[in-house]
Structure formats: structure tokens, C-alpha cells
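Let me begin by presenting the structure, written as C-alpha cells, before commenting on it.
The values are calculated or read from the model by the stated rules, or taken from the named source; none is laboratory data. From a predicted model like this one, the values you see are computed outputs, not experimental measurements. Note that we place each Cβ from the backbone using ideal geometry, even for glycine, and neighbour counts take in every protein chain shown. Ligands, DNA and RNA are excluded from the accessible area calculation, which covers all protein heavy atoms including side chains. Shrake-Rupley method; radii C 1.70, N 1.55, O 1.52, S 1.80 Å.
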Amino acid sequence: MDSECSFYLAGLQEIGWLEMLHVCPIPHVLLDGRQIIFINQAAIVLLDGPNTEFFVGRDIIEFIHPLDQERILYRVSALSTENPQNTPTLIRLRSAKGITRTVVSSSSLLQVKGLQLHMASSIDVTQVLQMDESLRSSEENFQRLFENMHDVFYRTNERQELVLVGPGVTRMLGYTVEEVLGTSAASYYVDPLDRQAFLEAIRKQGEILDYPARLRHKDGHAVHVAITSTAMLGARGELLGVEGIFRDISAEVEAKAALTRLATHDELTDTLNRRAFLEQATKQVRHLRRYPEDCLLVIVDLDHFKGVNDRHGHLAGDKVLTRTAEVIKDALRDTDIFGRLGGDEFAVVFRNCCPAEGNDILARIIGKVRATQLSLSRQERVTLSVSMGVTPLLAEDNPLALALARADRALYLAKSEGRGCFAFAPPEGEAFLPLHSQSSDLAVP
């Protein structure tokens with residue numbers, strides 16, 4: 001027993017209350033907040049406990065039926081010096097052996113050495129009352145729903161610890177109910193800050209419908225859920241806990257992501273499609289207005305691609321497109337934007353990249369493409385080649401067509417100078433071929 005609890009009991013001992021309460025035939029419990037600090041013999045019998053030590057230090061909510069917990073929390077929170085006693089009410093208890101008993105219970109505020117305790121007393125009316133059929137039916141329905149529902153019902157206390165959770169948590173998150181009870185709700189979030197945002201929202205709104213979150217499965221993977229919850233408030237508006245349900249929406253999230261990818265990516269090359277590329281490139285132009293940085297826009301065109309299609313067919317052409325896109329993608333950074341404009345034409349936005357650095361990257365890409373050969377038939381292999389037109393991407397490039405036109409002029413120069421190289425078009429002036437850019441035709445042995 002901790003020192004604070006001993007202090008309270010010493011105060012009661014001085015005025016002779018403990019001996020009186022202990023032998024009183026009516027069950028009595030003394031609480032510090034919700035923590036049991038004293039229980040008399042009649043209450044021990046009512047709750048089927050072995051001894052005093054079994055109960056002291058435990059949360060009184062553990063012994064109240066789930067359907068009555070919120071109401072009891074509210075009644076206790078409403079006690080004050082102006083309202084020191086609650087009127088008796090009918091509640092259901094859950095004993096240490098799991099037996100449900102109906103009691104008439106009342107609670108009052110008790111001053112001990114200037115500190116406030118709560119005293120609760122109950123009279124067992126289970127046999128006298130013979131629980132009403134509607135209550136028995138609601139108990140059976142609740143138990144069946146609670147145990148079999150696919151979604152997970154949960155309840156927290158004011159410290160946001162889980163005090164009630166449905167068995168569906170095992171199916172959804174891999175934890176047993178016993179593992180979860182008493183632990184922090186935030187500890188199951190992939191990002192605990194998301195739980196804080198959820199609490200701020202529910203404090204403000206009182207209830208939340210289909211709030212999206214990512215919870216951590218026991219094996220480590222993330223589970224996408226939608227949370228619908230209500231705040232349990234005290235008489236003065238304080239948060240006593242949260243209760244509600246959460247359901248697994250991982251399949252919905254994955255399906256939505258797949259549809260989004262289909263809508264934004266080229267099916268053949270798995271790069272951004274034309275619309276998605278132009279949207280992201282335009283967004284980057286808007287970004288440059290507030291956060292200036294060096295950027296390059298590059299248009300990439302496959303050399304002699306029509307000849308491949310005409311000689312070997314469109315399936316061979318698709319193979320060349322796919323392999324070329326893979327080679328280019330491997331040479332790019334995560335921050336770069338890469339897409340297919342259509343046909344045999346691709347485009348790249350290099351973020352935070354000056355012309356000198358861009359020249360080196362493009363030279364490496366051309367070299368890697370040129371070093372790649374594909375077998376299009378048993379007799380013939382093709383060596384890949386690309387030409388590129390490069391221009392700075394500027395905040396003034398609104399619409400994006402301004403930059404695309406400059407890059408296209410540079411591409412025309414690169415192709416007219418022998419292909420297999422890249423040319424650079426400055427914002428003002430004529431396009432030119434960098435000194436270390438080399439040309440090489442697409443060769444078919």
C-alpha cells in the first residue's frame with residue numbers, strides 16, 4: 001500500500017471509521033479518484049474476491065458492467081462540495097468471477113484531512129429484482145455483438161489507456177485482449193502524433209466519424225483503419241475517456257491507391273503518364289515562385305524508333321520503350337519527375353540541379369542507354385540510343401509550354417547533329433550542343 005493511501009486510512013483510523021465500515025453489513029468501498037483504497041468485508045463478498053489485498057489499488061471500473069461504466073464515471077465526476085452525494089441508482093456489477101449482479105448504488109464525497117475521497121455503497125438486489133427481461137436481453141445482445149462483430153469496439157480512460165476492447169482486435173491487429181488492456185492507445189499508432197491529432201479533434205467536436213489512421217499490427221506492418229468515436233465527458237466538461245469502434249479499411253486504401261496509380265501512370269513503362277507529368281511539372285513551376293532552386297526540363301526521344309516498329313513490329317517497339325525507360329529511371333534521383341509524353345517521347349524534371357551537374361547526369365544516361373542491347377529476334381540485336389533537349393525550368397515558365405518549346409528546340413538540334421546526344425537551350429538565345437556531348441546512331445548489326 002502506497003504512502004498516500006496509508007495517509008488517507010490513517011485519517012479515517014483516527015476518527016474510528018475503519019472499524020465501523022469493515023463490519024458494516026452494507027458493502028462499502030473508498031476511492032481515491034477511481035482507485036480502490038479500502039473495501040469492507042461485505043463488498044469483498046459481493047464482488048467474489050478472496051481478500052482485501054486483491055482489490056486495493058485496482059480501478060473500480062474493472063468491477064462495473066461495460067454498459068454502465070460511462071454513467072458511473074459521470075456520476076462520480078459530478079460530486080463536489082456543493083453536490084456531495086449522488087442519489088441511489090440501479091447498476092450492474094461484474095464480480096471477480098465474472099458474475100453479473102444488480103445493485104442499488106450511491107456515492108458521496110468524503111473529506112479526510114483536507115483531501116477528497118469518494119465513498120460508494122451498494123445493496124445487492126439481484127435476487128429481489130430478478131433482472132428485467134429487457135435488461136437481460138440487452139446484456140445478451142451486447143455480449144453477442146461485442147464478441148462477434150468484425151469491427152473492434154474499444155474504450156479508454158482519462159489517461160487514454162485501453163480499459164475495454166473487443167476480441168476483434170486479435171483478428172485485426174494480432175494482439176490478444178489481455179495484451180492490450182491497460183496499455184496506451186497511442187502506442188498502437190504507426191505515428192503516435194496521429195493519436196494526439198485525433199484527441200484534439202474529438203475534444204473539439206465531441207464525436208468523430210470515419211477518422212483515418214494507421215495502426216501497428218503485432219507483426220510490424222501497418223493496418224489502415226477508420227475510427228468512429230465519442231468523447232465521454234464529466235460534469236464540468238473534462239474528458240473522462242473515449243469510446244467507439246475502428247474498422248479495417250486496408251483493402252479500400254490499397255484499391256484507391258491502385259486506381260490512382262492507373263490514372264497517373266503509363267501502363268507500358270510504369271512512368272508518369274502525360275497528364276500526371278504535366279501536372280507535377282506545373283506544380284514545380286509554382287513551387288519555384290516561392291522557393292527558388294536550379295531545375296532542368298529534359299525531353300527525351302528514342303532514336304530511329306520508327307524503324308524498329310516497322311522492321312520488328314509493335315511488340316518489339318514496346319520492348320525497346322520499356323527497357324529504355326528502365327535504364328533512364330535507374331539513373332534518376334528520388335526527387336526527379338519522370339514521365340512519358342507519348343509515343344517514343346519522355347520527359348524529366350531534374351530538381352535542385354544546375355546545368356553543369358545536369359550535363360554530367362545526361363552524359364551518363366546516354367552512355368548507359370548506348371551500352372544496352374536488346375535481342376529482338378534470333379538473328380538481330382539492337383543497340384539503344386536517345387537524343388535529349390535540355391532547358392532550365394524557371395518560375396516564369398507559366399504556362400509550362402514555354403519551357404517545353406525551348407526543350408523541343410534543343411531536341412531538334414540534338415537530332416539534327418547526329419542523334420545519341422543532348423543539346424541545351426538557354427532561356428534567351430539559340431540552342432547549342434555541349435562540348436562533351438557525343439553522337440551515336442541506333443545501330444542494328
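Looking at 45, 56 in this structure, which one is exposed (fewer than 14 other Cβ atoms within 10 Å of the Cβ), out of contact with any Lys or Arg (no Cβ under 7 Å at 6 or more places or on another chain) and modelled with pLDDT of 90 or more? Break it down stepwise before answering.
Numbers: 56 fails: exposed (fewer than 14 other Cβ atoms within 10 Å of the Cβ).
Just one listed residue meets the conditions, 45.
Yes or no: residue 332 under 24 Å from residue 361 (Cα atoms) and surrounded by fewer than 21 Cβ atoms within 10 Å (Cβ to Cβ)? So residue 332 passes the test.
Results for (1) touching a Gly at 6+ places or on another chain (Cβ under 6 Å); (2) closer than 19 Å to residue 69 by Cα; (3) open to solvent by less than 20 Å² (accessible area, probe 1.4 Å), shown as yes or no for each residue.
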| position | (1), (2), (3) |
| --- | --- |
| 179 | no, no, no |
| 183 | no, yes, no |
| 199 | no, no, yes |
| 210 | no, no, no |
| 213 | no, no, yes |
| 227 | no, no, yes |
| 243 | no, yes, no |
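Among the residues making up the stretch 342-382, those that are open to solvent by less than 20 Å² (accessible area, probe 1.4 Å) and closer than 26 Å to residue 279 by Cα are 346, 347, 348, 349, 350, 353, 358, 361, 362, 365. Touching a helix residue (DSSP H, G or I) at 6+ places or on another chain (Cβ under 7 Å) and surrounded by 15 or more Cβ atoms within 10 Å (Cβ to Cβ): is that true of residue 234 in this structure? So residue 234 passes the test.
Can you confirm whether the stretch 229-250 contains a residue that is part of a loop (DSSP other than H, G, I, E, B) and either at pLDDT 90 or above or among the aromatic types (Phe, Trp, Tyr) (or both)? Scanning the stretch 229-250 turns up at least one residue that is part of a loop (DSSP other than H, G, I, E, B) and either at pLDDT 90 or above or among the aromatic types (Phe, Trp, Tyr) (or both).
The residues in the stretch 263-284 that are within 17 Å of residue 322 (Cα to Cα) and either open to solvent by 40 Å² or more (accessible area, probe 1.4 Å) or modelled with pLDDT of 90 or more (or both) can be counted, and the count is 9. Residue pairs whose Cβ atoms lie under 7 Å apart, separated by 6 or more positions or on different chains, with the first residue in the stretch 78-94 and within 13 Å of residue 116 (Cα to Cα) and the second assigned to a loop (DSSP other than H, G, I, E, B), are 79/86. So which residues in the stretch 334-371 are part of a loop (DSSP other than H, G, I, E, B), touching a residue at least 12 places away in the same chain (Cβ under 8 Å) and over 16 Å from residue 301 (Cβ atoms), if there are any at all? Across the stretch 334-371, the qualifying residues are 335, 336, 351, 352, 353, 354. In the stretch 212-224, the residues that are among the small types (Gly, Ala, Ser) reach residues that are not in a strand (DSSP E or B) with C-beta atoms within less than 6 angstrom, at least six apart or across chains, in these pairs: 213/194; 222/190.
Selection of the stretch 185-196 for residues being open to solvent by 40 Å² or more (accessible area, probe 1.4 Å) and of a type in the set (Gly, Ala, Ser) yields only 187.
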